[in-house]
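Take this structure, written in structure tokens, and hold onto it; I'll ask about it next.
The values are calculated or read from the model by the stated rules, or taken from the named source; none is laboratory data. Worth saying up front: this structure is predicted, and the values here are computed from it rather than measured. Every residue, glycine as well, gets a Cβ built from its backbone with ideal geometry; the counts of neighbours run over all protein chains shown.
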Amino acid sequence: MHDVTYLRPTDLKDAVQLYRTTPGCRPLAGGTDLIVMLHARTLRPPPRAVLDVWSLLELKGVRRTQGMLEIGAAESYTGIIRSRDAQEHVPALVAAARTIGAAQIQNRGTLGGNLANASPAGDTLPVLLAYDAVVVTDRRSIPIDQFFTGYRKTALQADELIVAVRMPLGRRVVFRKVGTRAAQAISKVVTAVSRSPARVAIGSVAEVPLRARRAEAALERGDMEGAIAAVADDIRPIDDVRSTAAYRRTVTQNVLRELLSVKPAL
Amino acid sequence: MCPAPVTAVGRSVPRREGADKVTGRARYTDDITVQGAWSGRTIRSTIARGAIRSITLDPAFDWSRVVVVTADDIPGDNVVQLIREDQPVLAPRGGEIKHKEEPILLLAASDRATLEEAATHVRIEYELANPVFEIGSATEVFSTVEITKGDVASVERTADLVVEREFRVGLQEQLYIEPQGAIALPEADGAFRVVGSLQCPYYVHRALKRALKLTDQQAIVVQAETGGGFGGKEEYPSIVAVHAALLARKAGRPVRLIYDRHEDLAATTKRHPGVIRHRTGVKKDGTLVFQDIEIVLDGGAYCTLTPVVLSRAAIHAAGAYSCPNVRIRARAVATNTPPNGAFRGFGAPQSLFAAELMVEHVAEQLGGGVSSVDLRRKWMLRLGDTTATGQVLTESVGSELVLDAALKAATTFQPSNIPTVRRGRGLSLVFHGSGFTGSGEKKLSGTIAMEALADGTFRILTASTEIGQGTKTIFCQLAADALGVPLERVTIAPQDTSLVPDSGPTVASRTAMIVGRLVQEAAAEIKQRLQRERPPLRVDKSYIQPDSIHWDEATYRGDAYPVYAWACTIADVDVDTTTGEVRVTDLVTAVDCGKALHPVMAEGQIEGGCLQAVGWATIEEIKMKDGGYQNDRLATYLIPTALDAPRIRTVLIENPYSRGPFGAKGIGELPMDGPAPAVIAAIHDATGVWLDEVPATPEKVLAALNGAQRREAAQS
Amino acid sequence: MTVRFTLNGVPVSVECAGSRRLLDTLRGDLGKTGTKEGCGEGECGACSVLIDGEVVDSCLVAVGQVEGRNVLTVEGLAGPDGTLSRLQQAFIEHGAAQCGICTPGMLLAAHVLLQRTIRPSAADVREGLAGNLCRCTGYTKIIEAVLSCTT
């Protein structure tokens, strides 16, 4: 275990203040990634403190606001799955949340954590891309397609806290995760698609969760076969312990074909 | 007059340690608190092959807080006591490194932080050598087996059809949910007590005596509650225990050596991967003419139990079939990968996988409406038939019983109604020898004892361990009925080598059948003696090989096993053509177990074994990189969850074996044999493609589907 | 720091780093060794406990995060007089515990499932237990045991 100071802020204002003034501090929400890394001492540089935002009321809840659906950064996946508003307005996000780990992970995992961790395999991230989500921080709003800047890198400043995620209402998005196992699986390919506007967002096929722009352009023209062909050029899959580049390429195309012929659930 | 006691055998009585397990009271190794114990850890090689040039302890670090053990600190022989003397307890300075994760140095400290810190201050330099990773390029042979029946060469030309195929089987991790661990405590008179998670107390006992130069009395091995074994805690715990004891010896205090999951996955033994080639000759009507089989297993860097695994693989290689001419040539080779070892089935799942798929291939190529089930009926070993080793099956041959029962229990097949999902069904028929191979039981002569105590209770003394399979419960049931007393009056002593005799290891589907029979016999003798004597009484019972069992080790001819258990498995699969993912949706297995001593536990064993086999067949994959396993965490080594597991239905068939306790045969390993070939056959049934290898990962299935598609396109 | 919470209905107070894993506090500081460590990364569920009635992997929780909360471990499932719960009894009767190492976590996941879902189907049970790996049973007996508690 890294030897770190545990900080429990009283509210968001306190959290922002502590985060700005504590060097080497990492925000802690459900801990599904951070506690593992702390225990295994794999964080570089080693953190000196954790800021526990899990219980901050300002970071919880699912609500409608300004014609958008807003989900608190520290709301659990279970909270999202159980939310009537989420089920009604962002069913693809609910579907994605249900594929994450199993009950134990869904009870602790959060959108804020998924975003900050910025794993290319983050299960909700393609969905957020397909919804054109906006990441709301303590100081600004960041459009999701500008959020992922490199392998596990984000547009967040060193002392910037994610507060919430907003998504437009009424967009039809479909989703499929491919991950070998029915539960407790890290995705090998995770795809979210919106027909209008055309969004094809895919995870685990590049160093970041990405928007397949060529496929989107083809889709915009109504050229579905063109989109399926083009998506192969949009992605940059690799061979790793979970799968192969060749498999990811084929499955990305197969899944896109399947998702384009599937009627959205909304 | 007391009413006659209700018999215990055949009833699913509560598990002996069940209440402890559901309340959290059961104490597994890491749950045991030992005052003043330090924590240990193992420093391992980072290269696959070479020599240790130097070991440097960073002088900037305060080593006074840490105990360091190297090969120089081993008082006895630097050998892990097993079949061959090839594996060192710790690789010595200047000595050869043969695989990644080979233990070199041991550390212990009072707290984990110091231990972790110390580990970063050890520097090991190596002289690199060229490693061998592939079976094909291996030159060192651990062992060979040749089995000959009839004369393949002279009948080859008489076959109307000869089918040749090559099969591949992958590494598999046992994945007991409790990782390896041991606690060593120095005691008076130079003794060491080791408490650990293990299957075979006397294996560990022998290993401790050898490496630490201890007498029988100075080495005390106690099994803690053990969270699963599956063979993974057969031979490996000897290493953990010896390491812990060496640290405790040098530290002069108790030391805990508990592996975390990563270390357990990276360093401990796996199922032997291999390549199996079959050539089968048949007549036009399907009559079996010859089977020519070649098996190559990868033993990894050290011998461990490989020759015995190879032996079981070879003996089961012809499958549950009667063939007049059989040639089986098997060899196990060395590579610079972590040693492979015992794992449920012990080589038989590998060779039976190939044998069962061969039936499918022959049926397919014969055509003419002959199904693989028809062929199995035609070929199957029946009462009076002779196996590949020349063993005449004289009793309890359940081949036809299990085939009929499984077919009867299978549901009506429903094709998939999802366009991207194809459904298929596959079947397999297997047998598995119960007990040690050949003269194993005779040489071992396992011993148990039973005591009638003055308070009217009875105590079983055995080194056979409870690892989840129900030893404690079943032995008490057997004893109670043989004594004619209520179950509550029978207890079982702790598995502690200072208390119990050596009943042999808890392996090889031998515990219920071989050791259980000794329990039954001892109880019967006690009962008889109590008619004229008063307690306390003690009876010791050792295994005596019946005169009717003959085995020739040199020629591999004769009675390879006392008896066989039989199983027929039917698997339904859904293959997702979008992703290549295979979901086993339904699995029926009919098992001839002789007698179900405890039906719920028997079913539980079978269902668990079936799922372990389904995992091996579908998703449990280990990829190698530079001689190490890439899948060295639970996030990357995937086993089936409750959502992945099929509905498993077990049909128990009681077809008694005269020398088994109440007719029982060993079935611990059998369920590992059948599901993999049934699943691969089902994938073929669903998609028309043959994989001939496990695991059939989505990557391989999709590639095969695409290959078939391309071939079709090219033909049209 | 001092962390105060309720453990199996009893208030407890522990002196330790707030970032320490709840699992280590339960096992090491409080002697509740019924909670097992199988992987240390949230994959196996052997360390499952309930926090305010929700099942979590205690290897993923910092102990500071349970300040003021209710934690239930396997030791808290039986009645105060030691009477086994219906679910614990069912696990014994149906052979749902073999080696037993996954059993505490499995029981807690099943306990929550039975509280949250009225008349769960076999599919519900499979989903509810998907975060708890078992290598002995093939899950069949576990699912039977849980379903037997729904009537």
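What do you reckon, is C:N8 within 14 Å of chain B (Cβ to nearest Cβ) and among the polar types (S, T, N, Q)?
yes
Let me ask something else about it. For residues that are among the hydroxyl-bearing types (S, T, Y) and in a loop (DSSP other than H, G, I, E, B), tally how many sit in region A:209-250.
Adding up the residues that qualify gives 2.
Would you pick out the residues in region B:675-716 that are closer than 14 Å to B:D576 by Cα and among the β-branched types (V, I, T)?
Within region B:675-716, B:I683, B:T687, B:V689, B:T697, B:V701 meet the criteria.
Let me ask something additional. Specify the residue that is nearest to the chain's Cα centre (by Cα); the eligible residues are those in region C:17-35 that are assigned to a loop (DSSP other than H, G, I, E, B) and β-branched (V, I, T).
Checked region C:17-35; the qualifying residue nearest to the chain's Cα centre (by Cα) is C:T35.
I want to confirm something. Restricting to region C:11-40 and keeping residues that are more than 20 Å from B:R112 (Cβ to Cβ) and away from chain B (no Cβ under 14 Å), which single residue is surrounded by the most Cβ atoms within 10 Å (Cβ to Cβ)?
Going through the qualifying residues, I end up with C:V12.
Here's another thing I want to ask about it. Restrict the check to region B:576-585 and report whether at least one residue is within 14 Å of chain C (Cβ to nearest Cβ) and of a type outside the set (D, E, K, R).
yes
Next up: Among the residues in region B:631-649, are any small (G, A, S), within 13 Å of chain C (Cβ to nearest Cβ) and buried (at least 24 other Cβ atoms within 10 Å of the Cβ)?
yes
Of these, C:E75, C:E43, which one is within 25 Å of B:A645 (Cα to Cα) and within 10 Å of chain B (Cβ to nearest Cβ)?
Answer to the check: C:E43.
Give me the pairs, please: first residue somewhere in region A:235-260 and facing another protein chain (nearest Cβ under 9 Å) and farther than 20 Å from A:A130 by Cα, second residue anywhere and surrounded by fewer than 20 Cβ atoms within 10 Å (Cβ to Cβ) and not basic (K, R), beta-carbon distance under 6 Å, and either six or more positions apart or on two chains.
These pairs meet every condition: A:V241/B:Q630; A:V241/B:T636.
Let me ask another. Which condition number does A:G67 fail, the rest of (1) surrounded by fewer than 16 Cβ atoms within 10 Å (Cβ to Cβ); (2) more than 13 Å from every other protein chain (Cβ to nearest Cβ); (3) without any contact (Cβ under 8 Å) to a residue 40 or more places away in the chain; (4) not aliphatic (A, V, I, L, M) being met?
With respect to (1) surrounded by fewer than 16 Cβ atoms within 10 Å (Cβ to Cβ); (2) more than 13 Å from every other protein chain (Cβ to nearest Cβ); (3) without any contact (Cβ under 8 Å) to a residue 40 or more places away in the chain; (4) not aliphatic (A, V, I, L, M), A:G67 is out only on (3).
Let me ask another. Inside region A:22-55, can you point out the residues that are of a type in the set (A, V, I, L, M) and surrounded by fewer than 17 Cβ atoms within 10 Å (Cβ to Cβ)?
The answer is A:A40, A:L43.
Would you check which residues across region C:36-62 are in contact with a Cys (Cβ under 6 Å, 6 or more places away or on another chain) and in a helix (DSSP H, G or I) and list them?
Answer for region C:36-62, where residues must be in contact with a Cys (Cβ under 6 Å, 6 or more places away or on another chain) and in a helix (DSSP H, G or I): C:S58, C:C59.
Another question, if that's okay. Filter region C:79-121 down to the residues that are more than 9 Å from chain B (Cβ to nearest Cβ) and of a type in the set (S, T, Y), then identify the one that is nearest to C:N8 (Cα to Cα).
If we take residues in region C:79-121 being more than 9 Å from chain B (Cβ to nearest Cβ) and of a type in the set (S, T, Y), then C:T83 is nearest to C:N8 (Cα to Cα).
Would you list the strands (runs of 3 or more DSSP E) that sit entirely within region B:13-128 and hold 1 or more residues that are within 26 Å of B:A342 (Cβ to Cβ) and away from chain C (no Cβ under 14 Å)?
The qualifying strands (runs of 3 or more DSSP E) are B:38-44, B:103-109.
Residues B:I514, B:I474: which one is farther than 23 Å from B:Y236 by Cα and touching a His at 6+ places or on another chain (Cβ under 7 Å)?
The match here is B:I474.
Here is a list: A:Y19, A:Y6, A:Y77. Which entry is more than 12 Å from chain C (Cβ to nearest Cβ), crowded, with 20+ Cβ neighbours inside 10 Å and of a type in the set (F, W, Y)?
A:Y19
Cβ contacts < 9 Å: first residue closer than 21 Å to B:T618 by Cβ, restricted to region B:581-595; second residue among the acidic types (D, E) and surrounded by fewer than 24 Cβ atoms within 10 Å (Cβ to Cβ), any location; separation 6+ or different chain. Result?
B:E581/B:D574; B:V582/B:D574; B:V582/B:D576; B:R583/B:D574; B:R583/B:D576; B:V584/B:D574; B:T585/B:D574
Being in contact with a strand residue (DSSP E or B) (Cβ under 6 Å, 6 or more places away or on another chain) and surrounded by fewer than 24 Cβ atoms within 10 Å (Cβ to Cβ) narrows it down to one residue among C:E144, C:E127, C:E67; which is it?
C:E67
So if I check each of B:G660, B:G668, B:G707, B:G674, which one is in the same structural domain as B:L407 (by TED's automatic domain parsing) and at pLDDT below 95?
None of the others qualify; the one that does is B:G707.
Just to check your reading of the model, which residue among B:A244, B:A266, B:A224, B:A219 is more than 18 Å from C:K36 (Cβ to Cβ) and within 14 Å of chain C (Cβ to nearest Cβ)?
Matching residue, one of B:A244, B:A266, B:A224, B:A219: B:A266.
May I pose another question? Mind counting the residues in region B:450-470 that are hydrophobic (A, V, I, L, M, F, W, C), touching a residue at least 60 places away in the same chain (Cβ under 8 Å) and out of contact with any Ser or Thr (no Cβ under 8 Å at 6 or more places or on another chain)?
Within region B:450-470, residues that are hydrophobic (A, V, I, L, M, F, W, C), touching a residue at least 60 places away in the same chain (Cβ under 8 Å) and out of contact with any Ser or Thr (no Cβ under 8 Å at 6 or more places or on another chain) number 4.
Are there any strands (runs of 3 or more DSSP E) wholly within region B:416-522 with 3 or more residues that are in contact with a Pro (Cβ under 9 Å, 6 or more places away or on another chain) and closer than 28 Å to B:I315 by Cα, and if so which?
Filter on region B:416-522 gives B:421-434.
Here's a follow-up. One residue is enough: does region A:48-61 have a residue meeting the conditions touching a Lys or Arg at 6+ places or on another chain (Cβ under 7 Å), within 14 Å of chain C (Cβ to nearest Cβ) and free of Cβ contacts under 8 Å to residues at least 12 places away in the same chain?
no
Taking the stated definitions as given, is C:G131 under 29 Å from B:I648 (Cα atoms), at pLDDT 95 or above and either more than 7 Å from chain B (Cβ to nearest Cβ) or not in a strand (DSSP E or B) (or both)?
For C:G131, the condition - under 29 Å from B:I648 (Cα atoms), at pLDDT 95 or above and either more than 7 Å from chain B (Cβ to nearest Cβ) or not in a strand (DSSP E or B) (or both) - is met.
Yes or no, residue by residue, for (1) in the same structural domain as B:T471 (by TED's automatic domain parsing); (2) in a strand (DSSP E or B); (3) on the phi < 0 side of the Ramachandran plot; (4) at pLDDT 95 or above:
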| residue | (1), (2), (3), (4) |
| --- | --- |
| B:G231 | no, no, no, yes |
| B:V242 | no, no, yes, yes |
| B:K250 | no, no, yes, yes |
| B:L257 | no, yes, yes, yes |
| B:A301 | no, no, yes, yes |
| B:A330 | no, yes, yes, yes |
| B:N340 | no, no, yes, yes |
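Residues being closer than 26 Å to B:V275 by Cα and in contact (Cβ under 8 Å) with a residue 12 or more places away in the chain: count how many of those fall in region B:355-385.
18
Can you tell me which condition A:R221 does not meet? The list is (1) buried (at least 18 other Cβ atoms within 10 Å of the Cβ); (2) more than 14 Å from chain C (Cβ to nearest Cβ); (3) of a type outside the set (V, I, T); (4) free of Cβ contacts under 8 Å to residues at least 40 places away in the same chain, and all the others hold.
Of everything listed in (1) buried (at least 18 other Cβ atoms within 10 Å of the Cβ); (2) more than 14 Å from chain C (Cβ to nearest Cβ); (3) of a type outside the set (V, I, T); (4) free of Cβ contacts under 8 Å to residues at least 40 places away in the same chain, A:R221 misses just condition (1).
Working carefully through the options B:E395, B:E356, B:E364, find the one that is at pLDDT 95 or above, in contact with a Pro (Cβ under 8 Å, 6 or more places away or on another chain), assigned by TED's automatic domain parsing to the domain that holds B:T287 and not polar (S, T, N, Q).
B:E356
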